[in-house]
1. Roughly speaking, to the nearest percent, how much of the chain's 1.4 Å accessible area is carbon and sulfur?
2. With springs connecting C-alpha atoms under 10 Å apart, model the chain as a Gaussian network and identify which of I18, I28, I98 has the largest mean-square fluctuation.
3. Tell me the Kirkwood hydrodynamic radius of the chain in angstroms, computed as one over the mean inverse distance between distinct C-alpha pairs.
4. By how many nm would the segment from M1 to Q57 grow when fully extended, if each residue of separation counts as 0.36 nm and the alpha-carbon distance is taken off?
5. For the chain, find the longest principal axis of its Cα atoms and tell me its angle to the long axis of helix 56-73, 0 to 90°, nearest 10.
6. Given 0.36 nm per residue, what is the gain on full extension from A32 to W102 after removing their alpha carbon distance, in nm?
7. Which residue, V56, V81, V19, has the most motion in a Gaussian network model of the chain that connects Cα atoms within less than 10 Å?
8. In a GNM of the chain with a 10 Å cut-off on Cα contacts, which of R12, R45, R71 has the highest mean-square fluctuation?
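The values are calculated or read from the model by the stated rules, or taken from the named source; none is laboratory data. Fair warning: this is a prediction, and the values are worked out from it, not measured in the lab. We place every Cβ from the backbone using ideal geometry, glycine too, and count neighbours over all the protein chains shown. Protein only, heavy atoms only, side chains kept; ligands, DNA and RNA dropped before computing areas. Shrake-Rupley method; radii C 1.70, N 1.55, O 1.52, S 1.80 Å.
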Amino acid sequence: MNKTIFERIIDREIPSSIVYEDDAFIAIKDIAPKAPVHLLVIPKRLSTRLDEIEDVQDMGQLFLTATKVARQHLGDYRLVVNVGKGGGQEVFHTHVHILGGWADGAALHDIV
Ligand code: AMP
């Protein structure tokens, strides 16, 4: 089976800007940032989308890692998970977006 682009990043087959790594996760800078700070937290164990993860430990660890990485870079931030094509997902390897660094977070209130 073809590797996802994120598996190729994890396996160092293509370059990326890695900001965090442990046994189970990698966090990288998004290649096309939609915020002043835009990071992706990616589980090394492949699932195609968030709702495929059934293990409470795996789900909890993903969000614990996302908040830990976020706090290493930002005070306030937004976490986004696009789930499925209709939810805006383009890379079918589960990941959490960390977005932040806006001068005025209040401007975001009309999105969610
Ligand atoms: P999503 O729409 O939730 O699947 O988000 C996929 C994200 O991956 C997008 O924000 C892309 O900019 C980002 N992306 C795609 N390829 C790369 C890459 N090689 N390195 C870093 N980020 C990437």
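1. Result for the chain: 53 percent of the exposed heavy-atom area is carbon or sulfur.
2. Ranking I18, I28, I98 by mean-square fluctuation puts I18 first.
3. Its Kirkwood hydrodynamic radius stands at 14.6 Å.
4. Difference between extended and current length: 17.5 nm.
5. Once rounded, the angle reads 50 degrees.
6. Gain in length upon complete extension: 23.6 nm.
7. V56
8. Answer for the Gaussian network model of the chain: R12.
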